[in-house]
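What follows is a single structure, written as structure tokens, with notes after it.
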Amino acid sequence: MGKSTILIGFMGAGKSSVGRALARRSGIPLLDTDKEIEKKQGMTISRMFENQGEESFRKAETEFIQSLLAREDAMVISVGGGLPLREENQVLLRKLGTVVYLQVQPDTVLRRLRGDTARPLLRGGDVRERVEHLLWQRAPIYRQAAHMVVDTDHKTPDEIAAEILTMNGGGL
Ligand code: S3P
């Protein structure tokens, strides 16, 4: 198994902010798959969904994590909420290192992402219903993909990062 730490979980679970806190505490560089894919494609994820469709974004996600296998350095990697749903991606993530599932309740997602316009899957219609349905669908997959599960409700990113470090024996 690789030596990176990979944060997975639903939109609003805090993958990016916990990733930043973990990187700061451990001194290990952070990599965010959404940001890297946006940079590579030269457009936002919303635009990618609109112009090329979700499937094309999913393909870019798999290609990107595949490319990370060639790297030898340890990283903190926060991945887009839908990335672990593909089985081949689950295998790739576990090759890269320790997979940590940041668990979150629908109420927390709705509170944290109120007013968000960057996430195409949460746009329009009854957002609560969509979050509850998607979470219900995805939670078993996230759980199965992960080595470790951490609850994130009512905690700050720094508290969650500290908990991950403790669970991991004090470091990454
Ligand atoms: C998605 C989550 C988003 C982003 C895209 C699709 C998903 O990332 O990759 O909008 O399918 O859950 P975050 O989990 O960082 O919001």
Query raised in the report: Is there a residue in the stretch 147-159 that is touching a Phe, Trp or Tyr at 6+ places or on another chain (Cβ under 7 Å), in a helix (DSSP H, G or I) and not small (Gly, Ala, Ser)?
Result: no
Requested in this report: Would you mind listing the helices (runs of 4 or more DSSP H) fully within the stretch 1-108 where at least 3 residues are over 28 Å from Glu132 (Cβ atoms)?
Outcome: 15-26, 33-41, 54-68, 87-96
Query raised in the report: Which condition does Leu122 not pass, out of (1) within 10 Å of the ligand (Cβ to nearest atom); (2) at pLDDT 95 or above; (3) surrounded by 18 or more Cβ atoms within 10 Å (Cβ to Cβ), if it passes all the others?
Result: (2)
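Evaluate the stretch 60-67: report whether one residue or more is touching a helix residue (DSSP H, G or I) at 6+ places or on another chain (Cβ under 7 Å), within 24 Å of Ile160 (Cβ to Cβ) and within 14 Å of the ligand (Cβ to nearest atom).
Yes: the stretch 60-67 contains one or more residues that are touching a helix residue (DSSP H, G or I) at 6+ places or on another chain (Cβ under 7 Å), within 24 Å of Ile160 (Cβ to Cβ) and within 14 Å of the ligand (Cβ to nearest atom).
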Query - One residue from Ser78, Ser26, Ser17 being under 22 Å from Gly169 (Cβ atoms), within 11 Å of the ligand (Cβ to nearest atom), surrounded by 16 or more Cβ atoms within 10 Å (Cβ to Cβ) and among the hydroxyl-bearing types (Ser, Thr, Tyr) - result: Ser78
Query raised in the report: Would you say Glu63 is at pLDDT 95 or above, among the acidic types (Asp, Glu) and over 20 Å from Arg94 (Cβ atoms)?
Result: no
Query raised in the report: over 13 Å from the mean Cα position of the chain (by Cα) and either at pLDDT below 95 or closer than 24 Å to Arg24 by Cα (or both) - does that describe any residue in the stretch 135-146?
Result: no
Query raised in the report: For the subset of the stretch 29-50 comprising residues that are surrounded by fewer than 16 Cβ atoms within 10 Å (Cβ to Cβ) and within 11 Å of the ligand (Cβ to nearest atom), which member is nearest to Ser67 (Cα to Cα)?
Result: Lys35
Query - Pair list, Cβ < 6 Å and 6+ apart or interchain, from the stretch 1-27 residues that are farther than 22 Å from Pro106 by Cβ to residues that are part of a helix (DSSP H, G or I) and of a type in the set (A, V, I, L, M) - result: Gly2/Leu96; Ser4/Leu96; Ile6/Leu93; Ile6/Leu96; Ala21/Ala161; Leu22/Ala161; Arg25/Ala161
Query raised in the report: Within the stretch 140-155, how many residues turn out to be free of Cβ contacts under 8 Å to residues at least 60 places away in the same chain and surrounded by 13 or more Cβ atoms within 10 Å (Cβ to Cβ)?
Result: 8
Requested in this report: Could you give me the residue pairs with C-beta distances under 8 Å whose first residue belongs to the stretch 73-97 and is within 15 Å of Tyr142 (Cβ to Cβ), whose second residue is aromatic (Phe, Trp, Tyr) wherever it lies, and which are 6+ apart or on separate chains?
Outcome: Gly81/Phe10; Pro84/Tyr142
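The values are calculated or read from the model by the stated rules, or taken from the named source; none is laboratory data. Fair warning: this is a prediction, and the values are worked out from it, not measured in the lab. Neighbour counts are summed over all protein chains in view; Cβ atoms, including those assigned to glycine, are modelled from backbone coordinates with ideal geometry.
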